[in-house]
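**Student:** Please find one structure pasted underneath; my questions will follow.
The values are calculated or read from the model by the stated rules, or taken from the named source; none is laboratory data. Values in this document were obtained by computation on a predicted structure and should not be read as measured data. Using ideal geometry, Cβ is built from the backbone for each residue, glycine included, and neighbour counts are taken over all protein chains shown. Keep in mind that these areas ignore ligands, DNA and RNA; they rest on the heavy atoms of the full protein, side chains included. Shrake-Rupley method; radii C 1.70, N 1.55, O 1.52, S 1.80 Å.
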Amino acid sequence: MPFNRKRQVPLVVLAILLVLLIVLYSARLYYIQVKKADEYSSVAGSTSTLTTVLKAPRGEIIDCNGRKIAVNRDGYNIVFNKAYVKDDLNDIILALINLLKKNKTPYIDKLPISETAPYKFKKDENTEKLIKTFDLAHYATAQNCVDQMIKEYELEDYSSYEQRLIMGVRYTMQISDFSVSYPYTFAEDIPTELMRKISESEFLLSGVSVEVAPFREYPDTALAVNLIGSVGPIYEDDWEDGEKYKSRGYSFNDKVGKSGIEYYGEEQLRGTDGEITYYLDAEGNILQSVITKKPVSGKTIMLSLDKRIQKTAQNALKDTVRGLPTATGGAAVMIEVNTGKVLCAANYPTYDSANLGKDYEKLTDPAAHSPLTNRAFCGVYPIGSTIKPIVATAAIENNHYYQGEYITCVHTYDYFDDYKPSCMHRHGSIALKTALSKSCNYFFFELGRRVGAVKLTDYFKQFGLGVKTGVEVDDSAGILTEPKSNGFGGDTLQISIGQLNAFTPLQLANYGATFANGGTHYRASLIKQISSYDMSQTFDDGKADVLNKVSIKPSTLKAIKEGMLSVTVDGTGRAALGDYPIKIGGKTGTAQTNQGADHSTFIVFAPYDKPQIAISVVLEHGNSGFSSGTLVRKLLDSYFTTVENRKGETIPNKVLS
């Protein structure tokens, strides 16, 4: 039979594949039988397994350029692992307590009973849970609870001092669901020196280990604290509400977002825990531990905040308020005109989160002027004459004012018999541009009367005033009177110049942005992007969300913007912005208050021809709109300097310091 080369080729290929399979099989067999012999023999000889949680690191928070705002650092926790506890638990707890006390290091004790006899319940703590835990009568005393714990925890042979120490930890373990599946954290973030001492003594403390754990750290503890928020322990009441944490896989010792972005982004920032499996022999001895499911770190939240601009805004606001004898506080917000993204939101007075616990009593003193309040998002103020561009829009769009019409300001507006308010000056016969530039109240009394309170209120809402902004953290809807009719003349005239109603600085900035971009009202947002922990994958690109569109004819927009340009060129904002190298549109405001000096308000958008940003400033008792001008200028400088410096700087998927 002749040689067939075509038939021979497939046989050669099959032979090569067979050899490769034998080599691979042999290598795998060698790996299992030699390299992993101890591990697999332990597993093979085990009679049971136990699985426990391996905690995942929390996701981080960075600014729009990747600079760190809330990050993780490694620390050390003392942890009890029930699978390894063999000796007397009470003795181990007491030894640890004595060691920590000697080193002046705190440990966790959530027993709501005084530390010394005669025992009493601690004020403002959950004693009902304690009583229910030991099935005691509702009228049980603290001493009754102590007696029951001595019995339950077998503490009869210890001194009363030692009994109270041990039962504090034992009770905390009990309510924390301490089990093989849920290790118990005895102390957190212990000093390195103490970590070494305990590690050296682990053979004497069965079930106790020192574990590396991620801890939340804020590189700048005074930066945007009202917005970033904080993390903290799960409260007992929240833990009992199974739907909130327990049923979602949290352990009692977990840290969760308590406020701000930390709270809003909890689901994103929280990682997916892994698992570690223990293989035990018939006597319960652990033969081997294997990570059977790797933990997945939480996601990274990139904010729209610019760290540099935020710091500049905070410092400039502080200097401005301190420089005004009557001012008690204030807020400044900068927002992107075409996205609604917040670039900065400064508050004053404010606080340092690193000292919050130590300074809390001082911070809550009325004399401190509410530094814990997020004035930028939750402070509500009458906004004065900054409302006038909306009043002008409503008048022109509803044919109550035709462009080019002159209205004569004679100082006192006497249309109504029962209310005759006055303008600050006697401006004479003026058109819209001059009325905005000089902030003539008489002119806008007339426009407001023509439009009516009902229509004006509708326009306020279209521009986002008196309604929630949609921002991710807590904010106020403000105070907006809902007139059933055009009502009393006095009320209509007052809302026409920014009185009676009250809005937040965030709403004011977003209204300025809506006007500057031609009527598109975006949802205010602090989130630019949500990515994987290493930023290699994007889950949410932070797309701008349009809430509504205000109908404004180009001719109307042009006329009002020209008036707002005149404000900064030769009007009420000239002193601060008249020589600014970039054309700016703006409107100052002075809002009357029930007591003290008037509030100072200012809105601007820039650049005038192609707006990129809108800014609002509110100074409590700042006395006049002029007071805000210098601060506005500093914010503009910060933005345009930052933009110029950013040219050519690309930061793809990178976190900066």
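**Student:** Can you find a residue that is without any contact (Cβ under 8 Å) to a residue 60 or more places away in the chain and either of a type in the set (Phe, Trp, Tyr) or assigned to a strand (DSSP E or B) (or both) anywhere in region 296-319?
**Tutor:** Restricting attention to region 296-319, the residues satisfying the condition of being without any contact (Cβ under 8 Å) to a residue 60 or more places away in the chain are 315, 318-319.
Filter again for either of a type in the set (Phe, Trp, Tyr) or assigned to a strand (DSSP E or B) (or both), leaving none.
No: region 296-319 contains no residue that is without any contact (Cβ under 8 Å) to a residue 60 or more places away in the chain and either of a type in the set (Phe, Trp, Tyr) or assigned to a strand (DSSP E or B) (or both).
**Student:** Looking at region 176-194, which of the residues that are crowded, with 18+ Cβ neighbours inside 10 Å and not hydroxyl-bearing (Ser, Thr, Tyr) is nearest to the chain's Cα centre (by Cα)?
**Tutor:** Top of the filtered list is GLU188.
**Student:** Every residue in region 510-526 that is buried (at least 21 other Cβ atoms within 10 Å of the Cβ) and either farther than 16 Å from VAL604 by Cα or under 17 Å from the mean Cα position of the chain (by Cα) (or both), please.
**Tutor:** Matches in region 510-526: HIS521, TYR522, ALA524, SER525, LEU526.
**Student:** Mind checking whether some residue in region 383-393 is out of contact with any Cys (no Cβ under 8 Å at 6 or more places or on another chain), in contact (Cβ under 8 Å) with a residue 24 or more places away in the chain and open to solvent by 30 Å² or more (accessible area, probe 1.4 Å)? Step through it out loud before you land on a result.
**Tutor:** First, the residues of region 383-393 that are out of contact with any Cys (no Cβ under 8 Å at 6 or more places or on another chain): 383-393.
Pick out the ones that are also in contact (Cβ under 8 Å) with a residue 24 or more places away in the chain and you get 383-393.
Subset that is open to solvent by 30 Å² or more (accessible area, probe 1.4 Å): none.
Taking every residue of region 383-393 in turn, none turns out to be out of contact with any Cys (no Cβ under 8 Å at 6 or more places or on another chain), in contact (Cβ under 8 Å) with a residue 24 or more places away in the chain and open to solvent by 30 Å² or more (accessible area, probe 1.4 Å).
**Student:** Which is under 20 Å from THR312 (Cβ atoms) and touching a helix residue (DSSP H, G or I) at 6+ places or on another chain (Cβ under 8 Å), of ILE560, ILE613?
**Tutor:** Numbers: ILE560 fails: under 20 Å from THR312 (Cβ atoms).
Residue meeting the stated conditions: ILE613.
**Student:** Okay, next question. Which one is farthest from the chain's Cα centre (by Cα) among residues in region 493-509 that are crowded, with 24+ Cβ neighbours inside 10 Å and assigned to a helix (DSSP H, G or I)?
**Tutor:** By that ranking, first place goes to LEU493.
**Student:** Mind checking which residues of region 216-232 are closer than 15 Å to ARG58 by Cα and surrounded by 17 or more Cβ atoms within 10 Å (Cβ to Cβ)?
**Tutor:** First, pick out the residues of region 216-232 that are closer than 15 Å to ARG58 by Cα: 216-218, 228-232.
If the condition is that a residue be closer than 15 Å to ARG58 by Cα and surrounded by 17 or more Cβ atoms within 10 Å (Cβ to Cβ), then ARG216, TYR218, ILE228, GLY229, SER230, VAL231 are the ones that fit.
**Student:** Also: So is ALA327 open to solvent by less than 10 Å² (accessible area, probe 1.4 Å) and either out of contact with any Phe, Trp or Tyr (no Cβ under 8 Å at 6 or more places or on another chain) or of a type in the set (Ser, Thr, Tyr) (or both) or not?
**Tutor:** Values: open to solvent by less than 10 Å² (accessible area, probe 1.4 Å): no; either out of contact with any Phe, Trp or Tyr (no Cβ under 8 Å at 6 or more places or on another chain) or of a type in the set (Ser, Thr, Tyr) (or both): yes.
For ALA327, the condition - open to solvent by less than 10 Å² (accessible area, probe 1.4 Å) and either out of contact with any Phe, Trp or Tyr (no Cβ under 8 Å at 6 or more places or on another chain) or of a type in the set (Ser, Thr, Tyr) (or both) - is not met.
Conditions tested, residue by residue: (1) free of Cβ contacts under 8 Å to residues at least 40 places away in the same chain; (2) closer than 15 Å to GLY168 by Cα.
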{"position": "ASP74", "(1), (2)": "no, no"}
{"position": "ASN81", "(1), (2)": "no, no"}
{"position": "TYR84", "(1), (2)": "no, no"}
{"position": "LEU89", "(1), (2)": "no, yes"}
{"position": "ILE92", "(1), (2)": "no, yes"}
{"position": "LYS101", "(1), (2)": "yes, yes"}
{"position": "ILE108", "(1), (2)": "no, yes"}
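**Student:** Where the second residue is assigned to a loop (DSSP other than H, G, I, E, B) and open to solvent by less than 10 Å² (accessible area, probe 1.4 Å) and the first is touching a residue at least 12 places away in the same chain (Cβ under 8 Å) and within 14 Å of ASP91 (Cα to Cα) and lies in region 144-173, which pairs have Cβ atoms under 8 Å and are six or more apart or on separate chains?
**Tutor:** Cβ pairs passing all conditions: GLU162/LEU155; GLN163/LEU155; ILE166/LEU155; MET167/LEU111; MET167/LEU155; GLY168/LEU111.
**Student:** Would you pick out the residues in region 247-261 that are in contact (Cβ under 8 Å) with a residue 24 or more places away in the chain, within 25 Å of VAL169 (Cα to Cα) and of a type in the set (S, T, N, Q)?
**Tutor:** Those that are in contact (Cβ under 8 Å) with a residue 24 or more places away in the chain, within 25 Å of VAL169 (Cα to Cα) and of a type in the set (S, T, N, Q): SER251, ASN253.
**Student:** Just to be sure, is LYS307 basic (Lys, Arg), within 17 Å of LEU635 (Cβ to Cβ) and at pLDDT 95 or above? Talk me through it step by step, then tell me what you get.
**Tutor:** Working: basic (Lys, Arg): yes; within 17 Å of LEU635 (Cβ to Cβ): yes; at pLDDT 95 or above: yes.
So LYS307 fits the description; yes.
**Student:** Return the pairs, sorted by first residue and then second, in which the second residue is in a strand (DSSP E or B) and open to solvent by 50 Å² or more (accessible area, probe 1.4 Å), the first residue lies in region 582-600 and is within 16 Å of VAL321 (Cβ to Cβ), the beta carbons are less than 7 Å apart, and the residues are 6+ apart or on different chains.
**Tutor:** ASP598/THR590; SER600/THR590
**Student:** So how many residues does region 72-81 have that are in a strand (DSSP E or B) and crowded, with 20+ Cβ neighbours inside 10 Å?
**Tutor:** Kept after step one, since they are in a strand (DSSP E or B), are these residues of region 72-81: 72-80.
Those left that are additionally crowded, with 20+ Cβ neighbours inside 10 Å: 76-78, 80.
Going through region 72-81 one residue at a time, the tally reaches 4.
**Student:** Follow-up question, since we're still on this one. Those residues that are in contact with a Lys or Arg (Cβ under 7 Å, 6 or more places away or on another chain) and among the basic types (Lys, Arg), I need them from region 506-556; list them, please.
**Tutor:** Listed by number, the list holds a single entry, LYS528.
**Student:** If VAL569 meets every condition in (1) in contact with a Gly (Cβ under 7 Å, 6 or more places away or on another chain); (2) crowded, with 24+ Cβ neighbours inside 10 Å; (3) at pLDDT 95 or above apart from one, which number is that one?
**Tutor:** Status for VAL569: all satisfied but (2).
**Student:** Still on this structure, I have one more. Which of the residues belonging to region 338-373 are of a type in the set (A, V, I, L, M, F, W, C) and crowded, with 24+ Cβ neighbours inside 10 Å?
**Tutor:** First, the residues of region 338-373 that are of a type in the set (A, V, I, L, M, F, W, C): 342-346, 354, 356, 363, 367-368, 372.
Correct list: VAL342, LEU343, CYS344, ALA345, ALA346.
**Student:** If I ask for residues that are at pLDDT 95 or above, of a type outside the set (A, V, I, L, M) and open to solvent by less than 10 Å² (accessible area, probe 1.4 Å), which ones from region 602-642 would you list?
**Tutor:** Within region 602-642, PHE602, PHE605, SER616 meet the criteria.
**Student:** Right, here's the next one. Scanning region 262-295 for residues that are in contact (Cβ under 8 Å) with a residue 60 or more places away in the chain and acidic (Asp, Glu), which turns out surrounded by the most Cβ atoms within 10 Å (Cβ to Cβ)?
**Tutor:** Out of the qualifying residues, it is GLU262.
**Student:** Is it the case that ALA597 is part of a helix (DSSP H, G or I) and touching a Ser or Thr at 6+ places or on another chain (Cβ under 7 Å)? Before you say what the answer is, go through the steps one by one.
**Tutor:** Details: part of a helix (DSSP H, G or I): no; touching a Ser or Thr at 6+ places or on another chain (Cβ under 7 Å): yes.
Criteria not met by ALA597.
**Student:** While we're on this one: Quick check on my filter: what residues within region 532-560 are farther than 16 Å from LEU305 by Cα and either among the small types (Gly, Ala, Ser) or in a helix (DSSP H, G or I) (or both)?
**Tutor:** Step one: list which residues in region 532-560 are farther than 16 Å from LEU305 by Cα, which gives 532-540, 545-560.
Passing the criteria: SER532, SER536, SER551, PRO554, SER555, THR556, LEU557, LYS558, ALA559, ILE560.
**Student:** Can you pull out every residue in region 505-544 that is hydroxyl-bearing (Ser, Thr, Tyr), over 14 Å from ILE387 (Cβ atoms) and touching a residue at least 24 places away in the same chain (Cβ under 8 Å)?
**Tutor:** First, pick out the residues of region 505-544 that are hydroxyl-bearing (Ser, Thr, Tyr): 511, 514, 520, 522, 525, 531-533, 536, 538.
Of the ones still in play, those that are also over 14 Å from ILE387 (Cβ atoms) are 520, 522, 525, 531-533, 536, 538.
Those that are hydroxyl-bearing (Ser, Thr, Tyr), over 14 Å from ILE387 (Cβ atoms) and touching a residue at least 24 places away in the same chain (Cβ under 8 Å): THR520, TYR522, SER525, SER531, SER532, TYR533, SER536.
**Student:** Could you tell me whether region 151-159 includes any residue that is open to solvent by 20 Å² or more (accessible area, probe 1.4 Å), outside any loop (DSSP other than H, G, I, E, B) and under 24 Å from PHE134 (Cβ atoms)? It would help to see each step written out before you state the result.
**Tutor:** Of region 151-159, the ones open to solvent by 20 Å² or more (accessible area, probe 1.4 Å) are 151-152, 154, 156-159.
Okay, now just the ones that are also outside any loop (DSSP other than H, G, I, E, B), so 151-152.
Checking which are under 24 Å from PHE134 (Cβ atoms) leaves us with 151-152.
The answer is yes, given that some residue of region 151-159 is open to solvent by 20 Å² or more (accessible area, probe 1.4 Å), outside any loop (DSSP other than H, G, I, E, B) and under 24 Å from PHE134 (Cβ atoms).
**Student:** For region 56-75, enumerate the residues that are of a type outside the set (A, V, I, L, M) and out of contact with any Pro (no Cβ under 8 Å at 6 or more places or on another chain).
**Tutor:** Initial filter on region 56-75 (of a type outside the set (A, V, I, L, M)): 57-60, 63-68, 72-75.
The answer is GLY59, GLU60, ASP63, CYS64, ASN65, GLY66, ARG67.
**Student:** Quick one: is GLU128 open to solvent by 80 Å² or more (accessible area, probe 1.4 Å) and touching a Lys or Arg at 6+ places or on another chain (Cβ under 7 Å)? Before you say what the answer is, go through the steps one by one.
**Tutor:** Numbers: open to solvent by 80 Å² or more (accessible area, probe 1.4 Å): yes; touching a Lys or Arg at 6+ places or on another chain (Cβ under 7 Å): no.
The answer is no for GLU128.
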